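Heads up: the structure comes next, in structure tokens.
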Amino acid sequence: MKSRLLFLGPPGAGKGTQAARLCQAHGIKHLSTGDLLRSEVAAGTALGQEAEAVMNRGELVSDALVLAIVESQMKALNGGGWLLDGFPRTVPQAEALDKLLSELQQPIDAVVLLELDDGVLIERLLARGRADDTEAVIRNRLEVYRDKTAPLIDFYKAKGLLTSIEAQGSMDAIAERLEKSFS
Ligand code: AMP
């Protein structure tokens, strides 16, 4: 089993659910920048206050802010396995991650792209009902994904790290596809 993983894919593709499940099964750390940011917002920290309005508009918080979070989490792991979910989301974040991982001597084992049609994504996001899941914000998040995050597909393809899986169907079916692509 590969133990340094990265999930890529649009909001609503099921990255969070599948990542949590995979990490539990294999004893690796689930690092979701969205979850970490939401905890900061809930705790009312200065960082959370800075991020909240941006998140509620469906835009991206600054690269510097998420990088600081990822760096401190990663260093605290002391070499154990991890799955990054929702990070990197921009090419500069991916370049900064490369730099951090080469310092830590922990190269990425695999990048998995979860693919799903826009119609299904919007339906799934509306059903979830999070503060940033209203229709206008969802459309904005999909646009941000296309502009800023989708270029990472070619970035990781060029490194020979990318595998794509179809994120359609039941949770179990998707989990099975993921297990196959990681083992
Ligand atoms: P998520 O739970 O991954 O959908 O993230 C929820 C929100 O948190 C996003 O819409 C962004 O506002 C913010 N966020 C999460 N991860 C990142 C990241 N890597 N870079 C910038 N903003 C992020």
- Message: I'd like to verify a number: residues in the range 28-87 that are within 13 Å of the ligand (Cβ to nearest atom), of a type in the set (S, T, N, Q) and in a helix (DSSP H, G or I), how many?
- Response: 4
- Give me the pairs, please: first residue somewhere in the range 60-88 and free of Cβ contacts under 8 Å to residues at least 12 places away in the same chain, second residue anywhere and β-branched (Val, Ile, Thr) and within 12 Å of the ligand (Cβ to nearest atom), beta-carbon distance under 9 Å, and either six or more positions apart or on two chains. Ser62/Val54
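Of the residues Ala173, Ala158, Ala167, Ala136, which is surrounded by fewer than 16 Cβ atoms within 10 Å (Cβ to Cβ), of a type in the set (A, V, I, L, M) and within 22 Å of Gln24 (Cβ to Cβ)? First the steps, then the outcome.
Details: Ala158 fails: within 22 Å of Gln24 (Cβ to Cβ); Ala167 fails: surrounded by fewer than 16 Cβ atoms within 10 Å (Cβ to Cβ); Ala136 fails: within 22 Å of Gln24 (Cβ to Cβ).
The conditions single out Ala173.
Which residue out of Leu100, Leu22, Leu37, Leu84 is surrounded by fewer than 18 Cβ atoms within 10 Å (Cβ to Cβ) and either among the hydrophobic types (A, V, I, L, M, F, W, C) or under 27 Å from Ile174 (Cβ atoms) (or both)?
Working: Leu22 fails: surrounded by fewer than 18 Cβ atoms within 10 Å (Cβ to Cβ); Leu37 fails: surrounded by fewer than 18 Cβ atoms within 10 Å (Cβ to Cβ); Leu84 fails: surrounded by fewer than 18 Cβ atoms within 10 Å (Cβ to Cβ).
Answer to the selection: Leu100.
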- Could you check Gln106 against (1) free of Cβ contacts under 8 Å to residues at least 12 places away in the same chain; (2) under 27 Å from Ala25 (Cβ atoms); (3) not charged (D, E, K, R) and say which number it fails? (1)
- Query: Counting only residues that are more than 11 Å from the ligand (Cβ to nearest atom) and either hydroxyl-bearing (Ser, Thr, Tyr) or at pLDDT below 95 (or both), how many does the range 1-21 have?
  - Reply: 5
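The values are calculated or read from the model by the stated rules, or taken from the named source; none is laboratory data. In this text, all values refer to a predicted model and were calculated from it rather than measured experimentally. Neighbour counts are summed over all protein chains in view; Cβ atoms, including those assigned to glycine, are modelled from backbone coordinates with ideal geometry.
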